[in-house]
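One structure is given below, encoded as structure tokens.
The values are calculated or read from the model by the stated rules, or taken from the named source; none is laboratory data. Note that the structure is a prediction, hence the values are computed from the model and not measured. As a convention, Cβ positions derive from the backbone with ideal geometry for all residues, glycine included, and neighbour counts pool all protein chains shown.
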Amino acid sequence: MGQHRALRTRLDCKSHLFLVGRSQTGFWVARDLEGLSEGIFRDKKAAIRFALFEGGHANAVMLSPDGVEPSFGQGPH
């Protein structure tokens with residue numbers, strides 16, 4: 001009683017953070033902030049699902065209030 005441990009989320013080397021937003025052409029883009037992975041989708045739900053799966057943890061997704069354009073393998077923008 002009276003003791004507690006702080007919960008820590010361990011992110012391994014396979015974890016990535018994804019930015020999800022709508023492109024100028026109307027598609028949804030999920031792009032890894034390190035430029036290692038991305039996907040282009042017709043709807044927001046599919047983009048978020050991809051980002052969560054590829055990111056490897058529940059906090060992998062950041063929704064952008066601005067547009068997100070695909071990098072087409074050119075690295076992070």
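Structural remarks
- Summed over region 52-73, the residues that are among the polar types (S, T, N, Q) and closer than 10 Å to residue 31 by Cα give a count of 1.
- Counted residues, region 45-61 - those being closer than 19 Å to residue 72 by Cα and at pLDDT 95 or above: 5
- Every residue from region 14-43 that is among the aliphatic types (A, V, I, L, M), in contact with a strand residue (DSSP E or B) (Cβ under 7 Å, 6 or more places away or on another chain), surrounded by fewer than 19 Cβ atoms within 10 Å (Cβ to Cβ) and under 15 Å from residue 72 (Cα atoms): 33, 40
- Pair list, Cβ under 8 Å, 6 or more apart: region 23-46 residue under 12 Å from residue 63 (Cα atoms) and of a type in the set (Phe, Trp, Tyr), other residue modelled with pLDDT of 95 or more and assigned to a strand (DSSP E or B): 28/20; 28/21; 28/22; 28/40; 28/41
- Only one of the numbered conditions (1) under 9 Å from the mean Cα position of the chain (by Cα); (2) not in a strand (DSSP E or B) is not met by residue 62, and that is (2).
- Tally of residues being over 11 Å from residue 32 (Cα atoms) and touching a helix residue (DSSP H, G or I) at 6+ places or on another chain (Cβ under 6 Å) across region 45-64: 0
- Close Cβ contacts (under 7 Å, 6 or more residues apart or on different chains) running from residues in region 58-77 that are of a type in the set (Asp, Glu) and surrounded by 12 or more Cβ atoms within 10 Å (Cβ to Cβ) to residues that are modelled with pLDDT under 80 and in a loop (DSSP other than H, G, I, E, B) comprise 69/77.
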